[in-house]
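Report on one structure; see the data block that follows.
The values are calculated or read from the model by the stated rules, or taken from the named source; none is laboratory data. Computed from a predicted model, the values in this text were never measured in an experiment. Every residue, glycine among them, receives a Cβ derived from its backbone with ideal geometry; neighbour counts consider all protein chains shown.
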Amino acid sequence: MEDWFDEPIVDPTVPEPDRRRITGASVLPLGSSEFSPRTRRFFAVGGVVVGVIGALLAGTAMQSGSSTSAFASVLAFAVAGLSVSFGRPRLATRLQRLYGDCYVVPAELDDEARDLIRRARQAIESVSTSRVNRLGLLDGIANDLVLPEKLWDIARLLRTQAALRAEQAEAMNEVITPELAAVLAPQREALNRSMMSVTKRILELEDYAHRVQEADAALRAHELLKSNDKYRDLLAQTDDAQGLRNLTEQVDVLESTLAKNLRDAIDAGQALVTLEDTTAV
């Protein structure tokens, strides 16, 4: 996921069409450089006025048959259309007004928050692209629902934490009086507790991803067992009874390992679902 850093993290409750628009909008972070509301109103009103003029010119052209009036009316309509389009807010701005609190742009966060979001996204990406997940072997775990909700919860908390860290840093630039220190100390403690809680959530995601990777590795090893028949035939031809026993034991061990790793991955995923339900309550 090379461009993950620029991709907004969107609240899963936002309707799917708007989620796609938000992630595809070209200008979301750090405000907008488009025209001011006053300038947009000027363009909108100007477009209407020019459109009326164009209609009058079109009427004149129809009555007189004047090609000059006809050309002028077409030009007026074109200018009117452009003016009205300039008067409309861009898509990114409209989305920002509708869903400004419903997405997080990683580029707007500080380094600490960006690093934690990167870790969370990498863990979720690892689970989502795993073979055991694609094959449905993690059945019973709502990865498609729970993991996006986890990422959104983490992202919105990190956004709040980044803003509060900036507020704390600004306050620390002032002369530290006993009164200011008395205010800042409990605020820092609350911020640190929240940061530890979010970090714990990310560690749980990473643990889940690690178990899924282990299940993937066991699945690959299990698939390689299909080649064992060729090796059994080879050992039978060479009359190697011990080698045959070793291969058979290896099959039993790998079957058991695959089953255990899948159970561990499923248990870790179900723990995430349980935590999600507990948090919701």
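Which one of these does residue 152 not meet: (1) under 30 Å from residue 220 (Cα atoms); (2) out of contact with any helix residue (DSSP H, G or I) (no Cβ under 6 Å at 6 or more places or on another chain); (3) surrounded by 19 or more Cβ atoms within 10 Å (Cβ to Cβ)?
(1)
Name the single residue, out of those in the range 126-149 being surrounded by fewer than 17 Cβ atoms within 10 Å (Cβ to Cβ) and among the polar types (S, T, N, Q), that is nearest to the chain's Cα centre (by Cα).
Checking each candidate, the answer is 128.
Name the pairs: first residue in the range 190-213 and more than 13 Å from residue 157 (Cβ to Cβ), second residue of a type in the set (D, E, K, R) and part of a helix (DSSP H, G or I), Cβ to Cβ under 9 Å, at least 6 apart or on different chains?
Final answer for the pair search is 203/119; 204/150; 205/119; 205/150; 206/119; 209/125; 211/264; 211/267.
Test residue 170 against the criterion of being more than 22 Å from residue 114 (Cα to Cα), more than 23 Å from the chain's Cα centre (by Cα) and not hydrophobic (A, V, I, L, M, F, W, C), and give yes or no.
no
Among what's in the range 184-215 and is over 30 Å from residue 122 (Cβ atoms) and either surrounded by 11 or more Cβ atoms within 10 Å (Cβ to Cβ) or under 25 Å from the mean Cα position of the chain (by Cα) (or both), pick the residue that is modelled with the lowest pLDDT.
Ranking the qualifying residues of the range 184-215, first place goes to 184.
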